[in-house]
Amino acid sequence: MVLRLLQLLLLGILTLVFMKEGIRFCHECNSFDGFQCRVPMKHCWKFNIFSKNNRSCTTEHYYYYHRVTGRYFYHYTRLSCKVCEEGMVQVFHDLLKETHCCTDKPLCNTGHDIAEKSVLYGEDKYTSIHDDIPEN
């Protein structure tokens, strides 16, 4: 009897783990410059069934305040599997954080959703003027 219950429990856990909608995979990078990850890109995962707030991959864009022009300029992006709450937050007096949440598909937080980055005319949206910079 106990063995049968253990088998059913393991079957339920394996079904949950290997379901297509049960797990969300996301990109993870702490130093994304808007075009590529400056450190080796990792992947993270989380369960996609418990909470509506926990079903998303997180993209956090950081902007710094330039005192001379009085504008915020893009600084870097962080990609993660953290619980996402979309919006803008003033982290410090000169640092602004903008958070995007994506739930449409796995690995949807690519970091390429910055509106102000320079893209070459006639190329796809992932080709930029900074692609000729050699990697270390």
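Miscellaneous remarks
- Residue within the stretch 21-30 that is in contact with a strand residue (DSSP E or B) (Cβ under 9 Å, 6 or more places away or on another chain), part of a loop (DSSP other than H, G, I, E, B) and either at pLDDT below 70 or exposed (fewer than 10 other Cβ atoms within 10 Å of the Cβ) (or both) present: yes
- Restricting attention to the stretch 82-104, the residues being farther than 12 Å from His61 by Cα, in a loop (DSSP other than H, G, I, E, B) and modelled with pLDDT of 80 or more number 6.
- Selection from the stretch 31-56 of residues that are over 16 Å from Cys108 (Cβ atoms), among the hydrophobic types (A, V, I, L, M, F, W, C) and at pLDDT 80 or above: Val39
The values are calculated or read from the model by the stated rules, or taken from the named source; none is laboratory data. Note that the coordinates shown come from a computational prediction; the quantities given were computed from them, not determined experimentally. Glycine gets a Cβ as well: all are built from the backbone with ideal geometry, and neighbour counts include every protein chain shown.
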